[in-house]
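The values are calculated or read from the model by the stated rules, or taken from the named source; none is laboratory data. Owing to the predicted nature of the structure, the values given are computational and were not obtained by experimental measurement. Here the Cβ positions follow ideal geometry from the backbone for every residue, glycine too, while neighbour counts run over all protein chains shown.
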Amino acid sequence: MKFEFRFPDIGEGIMEGTLVKWLVNTGDRIEEGQSLAEVETDKVTTEIPSPRSGKVLELKFEEGDTIEVDQVFVVIDTGGEAKEVESQVVQEEETAGVVGEVIASSEVIPASNETIESTPKLSSKKKVLATPVARQLAKDLGIDITSVLGTGPNGRVMKEDILKAKEASTRPMTQASSEPKLPAIKEEEYKEDIERIPLSRIRKTIADQMVKSRFTIPHTTAMDEIDISKLVEFRNRHKDSLKEEGINLTYLPFIIKAVIKALKEFPEFNSTYDEENQDLILKYFYHIGIATDTERGLMVPVLRDADKKSIIDLAKEIEDLTTRAKENKAELHELKGSSFSITNYGSIGGYFGIPIINYPESAILGLGRIVKKPIVKDDEIVIAYVLPLSLSYDHRIIDGASGARFLNLLKDLLSNPDMLFLKS
């Protein structure tokens with residue numbers, strides 16, 4: 001019996017993937033649940049297991065090809081008498097839930113609100129997130145909604161996006177817009193001195209997210225330096241004894257504690273701006289995203305309900321999450337849903353930076369490298385441990401004064417560990 005296995009819908013709005021590697025060959029005998037291929041989507045790299053046992057008759061794609069959901073992926077001879085319904089299509093019930101272990105992930109994947117058709121069919125048009133008002137308006141104005149760049153949460157197409165698209169379609173085309181784009185460089189001038197490296201799907205997603213954040217959210221950044229000499233002394237007193245228990249006590253758990261106190265004091269930093277309704281959505285949960293540098297690109301594992309955890313609990317969870325993210329073992333649910341993010345470029349030597357907000361959040365804190373330097377304290381020059389901070393925030397909903405107050409509170413808490421523990 002010939003069984004046509006279609007590329008399954010793995011959820012989270014993912015409609016296609018890139019075939020990274022076949023894990024079986026034509027003619028191989030396979031068992032139900034055996035991994036067939038490694039596929040990279042916008043957010044994850046995952047192994048696709050077989051829903052049936054049998055013999056591989058045909059592999060429909062080459063490594064590097066893009067596969068859309070519902071396209072025939074692999075043809076399997078399961079033995080026995082053929083049944084027409086099974087040779088034509090794999091029903092949703094059979095393909096749902098067959099995705100294997102997640103190998104790698106990054107930031108939030110927008111969930112799709114599209115309905116699934118009862119009869120799978122291929123489409124050359126991409127599915128998009130859009131409000132009902134935007135869909136109806138696009139239909140009324142004759143706008144192809146799949147060609148509209150959404151500026152709403154998770155890239156959702158809003159009413160304003162449709163109106164802008166209509167305006168652009170009726171605007172006279174200028175000479176400049178009709179000219180072809182010039183290449184980045186004239187390759188013939190460099191010959192063998194250049195190399196083209198195609199971006200991975202995850203790297204492309206990171207690039208798209210950075211553009212969306214930077215050009216959707218009007219960023220402003222406040223910077224300050226904090227004397228954390230007392231915090232350094234406190235950590236040094238306890239880190240060795242905790243290390244014997246297998247706990248790596250860094251400064252990050254203390255900083256997270258201080259950040260949560262500041263978020264409770266200034267809730268607009270723990271919010272999302274609803275552009276369509278022009279509402280500010282305040283979040284009274286504290287899921288802290290930790291930007292993590294990996295070989296595959298920037299990942300943001302999330303410490304959920306960080307306000308309910310101790311310094312030691314946070315230290316353990318940070319070590320676990322970031323290690324698994326670097327090893328491509330973080331699970332999808334651990335890499336989405338953050339309400340505020342922290343990026344620690346100081347761990348690789350950076351001092352000050354201008355971090356880009358993790359869209360659709362409203363703020364992000366950048367941590368620089370802790371250094372010993374002279375400062376003036378009580379009218380005397382002393383050597384202190386100084387932590388540089390950079391706070392980027394959405395200037396549509398947060399004023400400069402609030403940014404300064406947020407950093408001032410962090411300064412008060414981190415410069416005095418006793419106050420940090422009393423107030424957190």
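Below are the figures for this structure:
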{"quantity": "Odd one out for residue 386, checked against (1) part of a loop (DSSP other than H, G, I, E, B); (2) crowded, with 19+ Cβ neighbours inside 10 Å", "calculated": "(1)"}
{"quantity": "Residue 337 out of contact with any Ser or Thr (no Cβ under 8 Å at 6 or more places or on another chain), in a loop (DSSP other than H, G, I, E, B) and either under 24 Å from residue 267 (Cβ atoms) or not polar (S, T, N, Q) (or both)", "calculated": "yes"}
{"quantity": "Sole exception among (1) buried (at least 19 other Cβ atoms within 10 Å of the Cβ); (2) in contact with a helix residue (DSSP H, G or I) (Cβ under 6 Å, 6 or more places away or on another chain); (3) in a strand (DSSP E or B) for residue 359, by number", "calculated": "(3)"}
{"quantity": "Any hit, the range 206-221, residues being over 24 Å from residue 398 (Cβ atoms), out of contact with any strand residue (DSSP E or B) (no Cβ under 6 Å at 6 or more places or on another chain) and not in a loop (DSSP other than H, G, I, E, B)", "calculated": "yes"}
{"quantity": "Tabulated pairs, the range 239-262, first within 20 Å of residue 422 (Cβ to Cβ), second part of a loop (DSSP other than H, G, I, E, B) and of a type in the set (Gly, Ala, Ser), C-beta under 6 angstrom, 6+ apart or interchain", "calculated": "257/424; 261/424"}
{"quantity": "Filter result (free of Cβ contacts under 8 Å to residues at least 60 places away in the same chain and of a type in the set (Lys, Arg)) within the range 284-312", "calculated": "304, 308, 309"}
{"quantity": "Identity of the residue in the range 362-372, surrounded by fewer than 20 Cβ atoms within 10 Å (Cβ to Cβ) and part of a loop (DSSP other than H, G, I, E, B), that ends up nearest to the chain's Cα centre (by Cα)", "calculated": "369"}
{"quantity": "From 381, 312, 375, 354, residue being hydrophobic (A, V, I, L, M, F, W, C), surrounded by fewer than 19 Cβ atoms within 10 Å (Cβ to Cβ) and assigned to a loop (DSSP other than H, G, I, E, B)", "calculated": "354"}
{"quantity": "Residue in the range 392-400 that is more than 17 Å from the chain's Cα centre (by Cα), in a helix (DSSP H, G or I) and surrounded by fewer than 22 Cβ atoms within 10 Å (Cβ to Cβ) present", "calculated": "yes"}
{"quantity": "Selected residue (only one of 229, 241 is closer than 25 Å to residue 386 by Cα and at pLDDT below 95)", "calculated": "241"}
